[in-house]
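Structure first, then comments.
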Amino acid sequence: MARLDDDRFSALFLTSAKSVFRLETLPVYNPVSEGEKFRAYMAGDPCPRVGVVTPYMRTVMDHVAQGVRRYRVHVVHSPLTDYLRYEMEWGYAFNAQAGEEILILDTAERGRPEGLLDEDFWFFDETHVVRMVYREDGEYLGSELVEDPEPVHYRTQRDLALAQAVPFDQYWSAHPQYHRD
């Protein structure tokens, strides 16, 4: 596997013509860049994203306008961690409004599909795979381009997760116990 620098990773988003899929499997992601926002969320502060279009949201909106399908499944096991509550309330809710299809597979409610691995990856146009690398505490270490990927393996992982996942809005509406308000 080849380590990807930020420019090469970003280029995959810009050159995708059909689809961009993300599988997330961790209960917590610990990005240094979100530390302040997460602390604000935990302190009960108002969401700073209301009325703001982030660069990520702009990319999603542009893709959707061009007919590129942007979608992801996050595999979780309830009860949700504070981080997952934050990610859903201050992240997914807004990214879904931008046009990203976000689905949740809660294995406590729906079971874990046999054969589904704990792999975090991006799947671009069903041809390019970028494996995301994290420490055990969820700290992002980098991304790796999978050379000569087995598209069947990544399609299978995607399809296993999609088969039992529910749309984010449906999941979030059914779980008001996770909302801050």
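The values are calculated or read from the model by the stated rules, or taken from the named source; none is laboratory data. This is a predicted model, so every value here is computed, not measured. Backbone-built Cβ (ideal geometry, glycine too); neighbour counts: all protein chains shown. Remember, those area values only see protein heavy atoms, side chains included, never the ligands or the DNA or RNA. Shrake-Rupley method; radii C 1.70, N 1.55, O 1.52, S 1.80 Å.
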For the range 125-132, in order, what is each residue's ³J(HN,Hα) by Karplus, 6.51 cos²θ - 1.76 cosθ + 1.60 with θ = phi - 60°, in whole Hz (x at glycine and Pro)? 6, 6, 10, 9, 10, 10, 8, 8
Restricting to the range 57-181, what percent of DSSP beta bridges are antiparallel, rounded to 5? 65
Expressed in angstrom and ordered largest first, the alpha-carbon extents of the range 35-87 along the principal axes are 38, 28, 15
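Using a 1.4 angstrom probe, figure out how much accessible area the chain has per residue, in square angstrom, rounded to the nearest whole. Intermediate values should be presented prior to the final figure.
Values: 9430 Å² over 181 residues.
Computed with neighbouring chains in place, this is 52 Å² per residue.
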Size of the dipole of the chain about the Cα centre, Lys and Arg at +1 and Asp and Glu at -1 on the beta carbon, nothing else charged, in debye to 20? 440
Expected sort for 47-59, 96-108 on mean C-beta neighbours within 10 Å, highest first, is 96-108, 47-59
Mean residue ellipticity (222 nm) of the chain, computed from DSSP H runs ≥ 4 via -39,500 (n - 2.57), nearest 500: -9500 deg cm²/dmol
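Mind pulling up the Rg/Rh value for the chain? Radius of gyration and Kirkwood radius, both on Cα.
Numbers: Rg = 16.0 Å, Rh = 17.0 Å.
Here the Rg-to-Rh quotient is 0.94.
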In whole Å, how far is the Cα centre of the range 30-83 from that of the range 116-181? 14
Share of accessible surface on carbon and sulfur in the range 1-125, whole %, 1.4 Å probe and ligands ignored, is 54
I'd like the orientation of helix 55-65 relative to the chain: the angle between its Cα long axis and the longest Cα principal axis, in ° from 0 to 90, rounded to 10. 60
Percent of alpha-carbon pairs separated by more than 24 Å within the range 26-117: 29
In nm, give the distance between the simple-model label positions of R39 and S10, each being 7 Å from the Cα along the Cα-to-Cβ direction. 2.7
Label point 7 Å beyond Cα of T54 along Cβ direction - residues of the range 146-175 with amide nitrogen under 19 Å: 168-169, 172
If you line up the long axis of helix 151-164 against the longest principal axis of the chain, both from Cα atoms, how many degrees apart are they, to the nearest 10? 30
